[in-house]
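The values are calculated or read from the model by the stated rules, or taken from the named source; none is laboratory data. Bear in mind the structure is a predicted one, so any value in this text is a computation, not a measurement. As a convention, Cβ positions derive from the backbone with ideal geometry for all residues, glycine included, and neighbour counts pool all protein chains shown.
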Amino acid sequence: MTIRAIRGATTLEVDEREHLHERTIELVRAMLDQNGLTPDDLVSMLFTATPDITSDFPAAAARALDLGDVPLICSVEMNVRGALGLVIRVMAYAEFEVPRGEVKHVYLHEAVSLRTDLAQ
């Protein structure tokens, strides 16, 4: 079985727990749906959040998607001057047989500006 990495990102309008959960769940669902995956296909997920996000962990939100046995971890994104704020990024590793160039990376809301070359 081949393991592929799937990139994704979204932005928040405000740093509030409920909103963070909504946006994180939306992002993870889109990443799975657009790639035809289920939680059983996931190997692990790495979430990062910009330093201005302090209301909760994105991984805590993702747990609502039946990912209880998928290893999840969060980290703080680099604090680069002038970078887009209130961003949650994720790198998901999954077992699936598609060529690397056919992986569908998902960028939602203002995060589409981060990687216009990858956004679907």
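With Asp33, Asp41 as the choices, which residue is free of Cβ contacts under 8 Å to residues at least 24 places away in the same chain and either small (Gly, Ala, Ser) or farther than 13 Å from Ala62 by Cα (or both)? Quick ask: steps written out before the conclusion?
Details: Asp41 fails: free of Cβ contacts under 8 Å to residues at least 24 places away in the same chain.
So the residue among Asp33, Asp41 that is free of Cβ contacts under 8 Å to residues at least 24 places away in the same chain and either small (Gly, Ala, Ser) or farther than 13 Å from Ala62 by Cα (or both) is Asp33.
Considering only region 35-64, state which residues are in a helix (DSSP H, G or I) and under 13 Å from the mean Cα position of the chain (by Cα). Across region 35-64, the qualifying residues are Pro58, Ala59, Ala60, Ala61, Ala62, Arg63. Of the listed requirements (1) surrounded by 15 or more Cβ atoms within 10 Å (Cβ to Cβ); (2) touching a residue at least 60 places away in the same chain (Cβ under 8 Å), Val98 misses just one: (1).
For region 71-84, does any single residue satisfy the condition of being more than 14 Å from Thr10 (Cβ to Cβ) and either assigned to a helix (DSSP H, G or I) or in contact (Cβ under 8 Å) with a residue 60 or more places away in the chain (or both)? There is no residue in region 71-84 that is more than 14 Å from Thr10 (Cβ to Cβ) and either assigned to a helix (DSSP H, G or I) or in contact (Cβ under 8 Å) with a residue 60 or more places away in the chain (or both). Close contacts from region 47-58, counting a first residue that is among the β-branched types (Val, Ile, Thr) and a second that is in a strand (DSSP E or B), with Cβ to Cβ under 6 Å and a gap of 6+ residues or different chains, come to Thr48/Ser75; Thr48/Arg89; Thr50/Val87. Screening Ala60 with (1) within 18 Å of Leu108 (Cβ to Cβ); (2) among the small types (Gly, Ala, Ser); (3) surrounded by 15 or more Cβ atoms within 10 Å (Cβ to Cβ) gives one miss only, at (1).
Can you name the residue in region 80-94 that is touching an Asp or Glu at 6+ places or on another chain (Cβ under 9 Å) and over 30 Å from Met1 (Cα atoms) and is also surrounded by the fewest Cβ atoms within 10 Å (Cβ to Cβ) among such residues? Here the answer is Ala83.
Annotation: Ile73 fulfils all but one of (1) modelled with pLDDT under 95; (2) exposed (fewer than 13 other Cβ atoms within 10 Å of the Cβ); (3) under 13 Å from the mean Cα position of the chain (by Cα); the unmet one is (1).
Can you tell me which residue is surrounded by the most Cβ atoms within 10 Å (Cβ to Cβ) among those in region 101-114 that are in contact (Cβ under 8 Å) with a residue 40 or more places away in the chain and within 21 Å of Gly36 (Cβ to Cβ)? Spell out the reasoning first.
Applying the first criterion (in contact (Cβ under 8 Å) with a residue 40 or more places away in the chain) to region 101-114 yields 103-111, 114.
Retained after the next criterion (residues that are within 21 Å of Gly36 (Cβ to Cβ)): 103-108.
On the way: Val103: 18, Lys104: 18, His105: 19, Val106: 26, Tyr107: 22, Leu108: 18.
Going through the qualifying residues, I end up with Val106.
Annotation: of all residues in region 95-110 being assigned to a strand (DSSP E or B) and within 13 Å of the chain's Cα centre (by Cα), the one that is farthest from Met1 (Cα to Cα) is Tyr107.
Residue check: Leu65 meets all listed conditions (1) buried (at least 17 other Cβ atoms within 10 Å of the Cβ); (2) in contact with a Lys or Arg (Cβ under 8 Å, 6 or more places away or on another chain) but one, namely (1).
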